[in-house]
Amino acid sequence: MSPVESVPVAVLGHVDDYVELLYDDIPEKIKGSALILQLARNPDNLIELARNEALLSALSRVLREEWKRSIELSTNIVYTFFCFSTYVEFHSVIIQYKIGSLCMDVIDYELKRYDQWKEKVEGKKPVLTPDKNELPKSRIPEPKRRPKSGTWAVADVNIQKTRSVVSSYHEDLCNASDEFLSKNDEEQMKRKLKTLSKRQEQLLRVAFYMLLNIADNVKVEEKMHKKDVVGLLIGAMERHSNIDLLILIVSFLQKLSIFVENKNAMATKGIIEKLAPLLDSPNADLINVTLKLLFNLTFDTKLRNKMVKVNLLPKLIQFTSDDKHINLAMKILYHLSLDDRVKVMFTQSDCVKLLTDMLLLNVNSEVSCEGGPGTTDVLLALCVNLAWSERAAQQMAAEGRLRELLARAFRHRNAMLMKLVRNLSHHVQNKPLFVEFVGDIADAVTGGNAPEEFVIECMGTLSNILTVNNNIDIFAVAERYSLVACVLRLLDGDAELALEAAVAAGALAADERAAAALAARAGGALVAALRRRQADDEHVLQTVFAFRQLLSHPRAAHCLVTRTEAPAYLIDLMQDKNAEIRKMCDSCLDIISQMQNDWAARIKVERFRCHNGQWLSVVETLGAEGGAGDAPDDLPPYLSAAYLTTHRLTTTSSDSQISLNDDSDSFSGEVDFNRANSRNTQDGQSDELLGLSDSLSGKTSEDETLFTKSLNVFA
């Protein structure tokens, strides 16, 4: 450091003499602190210095009392404690004397003072220095006295010269007239501000570095957070001229950003806007550490949106062509691609095509890396996310890229690459491109020599492209590659395979001949799988959809209804918590109720119970308590649920006759909704009639006689 360049060589045996200088005036204190700093910069002396309590007490006292009077003195002392902070064993020394808190006070004061210097030089309204009434007017050295011991004649001249230059700059800046300055005076003030700013940046650098070292202790970092260390770091980021200081500040922010409290503090202080200009720096180290900080911040949704808002996406895309920054840039882009709105922004340039070509060139270079995801893995994950966008998927599959992706996926048996192909097959405009690859994909599913993850993705891709509108003979494909037998086998596998088998069953059932074969051979297996995995909503929904597809064909519907227990499970699912499952079940039951079978009457009864379950529970409760008394009729006073399930429902109301005995059910949910409303209305009327009958049944002949006598008396 420059403050110690002109100081003679220090000797560890004279450390007591150097401590004595700390009790003299400012020039001697600067000299003594510079000599002590020389000793501290040698790691071999740290143990001996740490044992000297008089030395540490004197340094901490001088820093606490005199740091506002001399920036050179503050730099020497903070630098000394920084040397201790480089080793964890000496962190207790810094914590004991509360040097971290003092450093944060020094940083805060210097940042405020720099802002005021800058305002004065730029001609803005003049402001007084912070706490000027409590501080010396300048840093002009006090009258020098000879030290009590030692001779530093040559050093005195050099240090005095340097100190007088710095102090004169500060005095000129603080005492500058508020009136209009000439052009020469203004240029001179700017030069002085620049010189003094460099001195100040040295102090900031060692102070921040020391805080960064002791921040390894979580409790110490919590105390820093309470003193707004994030605000101090962001406030010092405006000094773009000092690259080393910027790298240190951004590194410190990166370490702090792993805690949500610090991340929220950064967000409130506009950290993204501060970091955006740093990506244009020519310094590769600064860009690298900035990207690391941005990566930590991308875990927050609001900060990701802010990055897109300040137009960081094009800059990040440019870094994908730089070997030094490609890994971090890919990770940040991957997080940004989680938002569907951002996926579309990738398609506004050739970025998607470049990423796909890059993937084809490096598809198997880093597939299995133990130290974390490699660049190719992150690139592949990014492409998988982008493939959900219709425009991005179209660009990926165009110009023969789909053929290359499939070729590499089958060559390396790469499940992630096959997942990318599966996402591409999800879009309508890409499905015709898969027609020529149906055989290869079906063979990979039924071959039995591929990994399970790869088979799952191939099965999902096959389900996407086996559609009636895709000019594919589904029955021919199913027969040639034994897809029905494969579905039957996979339904007994683990959860992932069983789910994909249920999805494939729904795709095969779109064809009438394939549906008939599926219902005859795998209908019972679908019901059994539904019984085993009834807690999995996704599996239940896909299985019910497969039932709906089978019921749309007469032969398959007859086989499913008469040979399996599918209708019974559909009735049980009418009251499922999942709205999509209930909707699909209603559609299936509408079809079954129109068929000539014994299920139609039961479906009507169960639907009545479903819509009037609350009323029926009340009726059953009252019937169990015997609240109606003895009834001369053969029927019980209140109809129980068991009676409703074993008897045909008939009522005297014509509306009830229509709603309960009408055999014409419809496919549309609107009719069912109206039917349910009519039932609810009738139930309300029934409740009112029940209440009326209860009130009338309580009257007797004696009550009528008393009522007649009362009328006569009144007349």
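The values are calculated or read from the model by the stated rules, or taken from the named source; none is laboratory data. On a predicted model such as this, the values are computed, not experimentally measured, just so you know. FYI the Cβ positions are ideal-geometry reconstructions off the backbone, even for glycines, and counts take in every protein chain you see. Keep in mind that these areas ignore ligands, DNA and RNA; they rest on the heavy atoms of the full protein, side chains included. Shrake-Rupley method; radii C 1.70, N 1.55, O 1.52, S 1.80 Å.
Taking 31 Å as the cut-off for C-alpha to C-alpha distance, list the pairs among K31/K98; K120/K255; K219/K269; K98/K315; K198/K226 that go past it.
K120/K255; K98/K315
For E238 paired with T562, estimate the spin-label separation in nm (one decimal), with each label point 7 Å from Cα along the Cα-to-Cβ line.
Output for this residue pair reads 8.6 nm.
When only DSSP loop residues count, what trypsin sites (Lys or Arg not before Pro) in segment 21-106 have their Cβ near at most 13 other Cβ atoms within 10 Å?
Sparse-neighbourhood loop trypsin sites (Lys or Arg not before Pro): K98.
What distance in nm lies between label points placed 7 Å from Cα along the C-beta direction at N283 and K190?
A separation of 2.3 nm, rounded to one decimal place.
Apply 1/(1 + (r/R0)^6) to the Cβ-Cβ distance of N362 and A535, taking R0 = 45 Å, and write down the FRET efficiency to the nearest 0.05.
0.60
On the accessible surface of segment 542-595, probed at 1.4 Å, how many percent belong to carbon and sulfur atoms?
Carbon-and-sulfur percentage of accessible area, whole number: 46.
Per 0.36 nm of contour for each residue apart, how much would the distance between E620 and D115 grow if the chain were fully extended, relative to their Cα-Cα spacing?
Net length gain for the segment: 173.7 nm.
How many percent of the accessible area of segment 51-99 is carbon or sulfur, using a 1.4 Å probe?
Here it works out to 51 percent.
Quote to one decimal, in nm, the extra length available between A407 and D598 on full extension: 0.36 nm per residue of separation minus the C-alpha distance between them.
In short, 63.5 nm is gained.
Testing the spin-label approximation: label points 7 Å from Cα along Cα→Cβ at T301 and D492. State their distance in nm.
With each label placed 7 Å out from Cα toward Cβ, I get 4.4 nm.
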